[in-house]
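The values are calculated or read from the model by the stated rules, or taken from the named source; none is laboratory data. This one's a predicted model, so the numbers in the text were calculated from it and none came from an experiment. Note that each Cβ is placed from the backbone with ideal geometry, even for glycine, and that neighbours are counted across all protein chains shown. To get the accessible areas, we keep the full protein, side chains included, count just its heavy atoms, and leave off ligands, DNA and RNA. Shrake-Rupley method; radii C 1.70, N 1.55, O 1.52, S 1.80 Å.
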Amino acid sequence: MSSPIFSPLPMHIPDGFLSVLVSIVFWVISVIVIGIALRKTSRELGERDVPLMGVLAAAIFAGQMLNFSVTGGTSGHLLGAAIAVILLGPWPAVLVMTSVVSVQALLFQDGGILVLGANLFNMAIVGVFVAYAVYTLLIQLFKEQSWGVFVAGFAAAWSSIFIASLSCALQLALSGTSPANLAIPAMGAIHALIGIGEGLITAGALAFLFAARKDLLKLGEPRPAGNKGVFLGGSLIALMLVVLSPLASSHPDGLEWVAQENGFILSAKAALYNLIPDYALHGISDPALATIAAGVLGVVIVFGVAYGIARAEKRTAKQENSQR
Amino acid sequence: MRELFRQNRSIIHQMDARVKVIFTLAFVLFLSLTPFNAWPAYILFLTLILSAALFSRLGLGFVLKRALLALPFILAAVPLIFIGPPPHITLDVFRGVQLTYSPEGLGRFASIAVKSWISVQVAILLAATTRFPDLLTALQQLRVPKLFVAIVGLMWRYLFVIVDEVTRMARARTSRSATVPGSHHHGGSVSWRAGVTGGMAGSLFLRSLERSDRVYAAMLSRGYTGELPASDTRPLSNGDRQLLALGVVLLAMLWLLGLFSGG
């Protein structure tokens, strides 16, 4: 058993790795899509689906602890976006994966808070949409074959991981944290491997469910019209990222320019320098001196607080003793 | 798997959860807005969070150790050291081995690492001093949609039950697949092992679906009508407002300091 606190997926971006502008843009996109998912879900599903989605979200979170050894200490894991799509349909799956990723960030610090919007976009939106598009497409293709479900499940799981990692790499490149020509091939390659484990476990889980409760897989059910948007969206995201990523990694200049621009806009330093006259800043204009001063101040404050708290504790202990 | 929350009666634990949520968000936002190489500002941000950790009686060691969790991701920023903005400096590391790095890129790398490390500490402080139900109530009071809060609430309630279930399943697998000491064989081929794990996952989902039916029946029998009981929506007290305003002004001042001292 691996430690469940560390997610098996190196895709949860911590705070500090994305620029504020990129973080905010992806928060806005994610909030809009999750809002649509909430509206659709509360309209279409009955009251029994709240406990269903809650318990399944817990199962996906806990299911990420399941692993099998591959070779040389590496292991395959389940991440669950594809299986959630297949069991619940796309919109409830968005909500379930949103719950999983949010709890990982809030409760276990797996992924940052300001960058949660970007993480939700990668794992709860891109992952789910792409899995849905691939799954429905392949199910239509292999309608007659009984193994069609497993192939579709494997492909949906693999591509959801792979495409989501490309999206993650692009966000890092847009923020100027990793150069595109390194981040995209590296992230893509790692997750193309991780995706195989995910795909195999997903296919295995489908085989189990196929044998035990065939009705859960909703085989042969016509595609509901309301999900056409998800199908189109998922296909479009997958196509765009697959085309855009090699382009971005072979011509990183465009991305670098964007990264520099948005770093510049948000620091807005030049404008402030013009506002405040030079002489006011003599004290903190020497970086080394300022750092030392801040260090001394920091140490004094932390020790002061520690001392104060220790004294207060002693006093209350004394009072309690004298009361006895 | 254990929860991070530590029971305690410190000032930070007793604070309104909304104040803590907003302050945490503001902290991470201002810290992210602080430019690269603003070391004096980083030190003061760190001072602020370490003081809060002391006030919360969690202990510095607990927060600092736990904060190393986000470290592995730093690999993503390592290339900055070597291909950061010019000028590039070439160092003779060893006879014949040269290393080219960009000082500006190194500064950025270190800034990202430190910012990320400090941000994780704030998130730890929030999670360790706030009960999760209180956190959810705060989120609902801050206008996070009810349906989402309900799903996350139910998820949290059953998370540890299902984690126990997964642990039992894994233990059952281990007890049935003995390995010969010294041999690296674990059962059959890789795809066989993946199939077994897949079967476990499928069985976990089936059990969870059945569990959710039982949970629903139990909720119905206790008067569930599709709505979870509403949380109180009392506004923040004046003291809390002032405290929050003071905190945010402090953060803004640190950010301004960062703007002038950063590079």
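A few points about this structure:
- Positions within the stretch A:1-38 being open to solvent by 40 Å² or more (accessible area, probe 1.4 Å) and modelled with pLDDT of 90 or more, in sequence order: A:Leu21, A:Ile24, A:Val25, A:Trp27, A:Val28, A:Ile29, A:Val31, A:Ile32, A:Ile36
- Residue within the stretch B:119-128 that is assigned to a strand (DSSP E or B) and out of contact with any Asp or Glu (no Cβ under 8 Å at 6 or more places or on another chain) present: no
- Of note, B:Ser56 does not satisfy the criterion of being touching a helix residue (DSSP H, G or I) at 6+ places or on another chain (Cβ under 8 Å), at the interface with chain A (Cβ under 9 Å from one of its Cβ atoms), at pLDDT 85 or above and open to solvent by less than 40 Å² (accessible area, probe 1.4 Å).
- Residue in the stretch B:169-187 that is buried (at least 16 other Cβ atoms within 10 Å of the Cβ), modelled with pLDDT of 90 or more and either facing chain A (nearest Cβ under 9 Å) or in a helix (DSSP H, G or I) (or both) present: yes
- Of all residues in the stretch A:167-181, those satisfying the criterion of being open to solvent by less than 10 Å² (accessible area, probe 1.4 Å) and either closer than 23 Å to B:Gly198 by Cα or in a helix (DSSP H, G or I) (or both) are A:Ser167, A:Cys168, A:Ala169, A:Gln171, A:Leu172, A:Ala173, A:Ala180.
- For the stretch A:51-64, the count of residues that are within 11 Å of chain B (Cβ to nearest Cβ) and of a type in the set (Val, Ile, Thr) is at least one.
- Residue count for the stretch A:92-148, restricted to those that are touching a helix residue (DSSP H, G or I) at 6+ places or on another chain (Cβ under 7 Å) and within 14 Å of chain B (Cβ to nearest Cβ): 29
- From the list A:Ala212, A:Ala225, A:Ala203, the lone residue that is more than 17 Å from A:Ala84 (Cβ to Cβ) and at pLDDT 80 or above is A:Ala212.
- Criterion (loosely packed, with under 12 Cβ neighbours inside 10 Å and not charged (D, E, K, R)) met by exactly one of B:Thr233, B:Thr197: B:Thr233
- Selection status of B:Leu106, more than 7 Å from chain A (Cβ to nearest Cβ), out of contact with any Cys (no Cβ under 9 Å at 6 or more places or on another chain) and either within 24 Å of A:Gly197 (Cβ to Cβ) or open to solvent by 10 Å² or more (accessible area, probe 1.4 Å) (or both): yes
- Meets criteria (at negative phi, at the interface with another protein chain (Cβ under 8 Å from one of its Cβ atoms) and aromatic (Phe, Trp, Tyr)) for B:Phe132: yes
- Listed conditions (1) more than 7 Å from chain A (Cβ to nearest Cβ); (2) within 28 Å of the chain's Cα centre (by Cα); (3) farther than 20 Å from A:Gly63 by Cα are all met by B:Ala217, apart from (2).
- The residue that is surrounded by the fewest Cβ atoms within 10 Å (Cβ to Cβ), among those in the stretch B:14-35 that are in a loop (DSSP other than H, G, I, E, B) and facing chain A (nearest Cβ under 9 Å), is B:Pro35.
- Answer from A:Ala156, A:Ala164, A:Ala205, A:Ala152 - the residue that is open to solvent by less than 10 Å² (accessible area, probe 1.4 Å), more than 19 Å from the chain's Cα centre (by Cα) and more than 13 Å from chain B (Cβ to nearest Cβ): A:Ala152
- Failed item in (1) more than 25 Å from B:Leu106 (Cβ to Cβ); (2) crowded, with 20+ Cβ neighbours inside 10 Å; (3) more than 7 Å from chain B (Cβ to nearest Cβ), with A:Ile184 passing the rest: (1)
- In this structure, B:Leu99 does not satisfy being within 22 Å of B:Phe30 (Cα to Cα) and open to solvent by 30 Å² or more (accessible area, probe 1.4 Å).
- Checklist (1) farther than 27 Å from B:Arg143 by Cβ; (2) more than 8 Å from chain A (Cβ to nearest Cβ); (3) surrounded by fewer than 22 Cβ atoms within 10 Å (Cβ to Cβ); (4) not charged (D, E, K, R) applied to B:Ala38, failing item: (3)
- In summary, helices (runs of 4 or more DSSP H) completely within the stretch A:67-153 and bearing 3 or more residues that are among the polar types (S, T, N, Q) occur at A:90-108.
- B:Val114 falls short on exactly one of the conditions (1) within 12 Å of chain A (Cβ to nearest Cβ); (2) in a helix (DSSP H, G or I); (3) open to solvent by 70 Å² or more (accessible area, probe 1.4 Å), and that condition is (3).
- Applying the condition of being open to solvent by less than 20 Å² (accessible area, probe 1.4 Å) and within 30 Å of B:Ser189 (Cβ to Cβ) to the stretch B:144-168 and asking which residue is farthest from the other protein chains (Cβ to nearest Cβ) yields B:Glu165.
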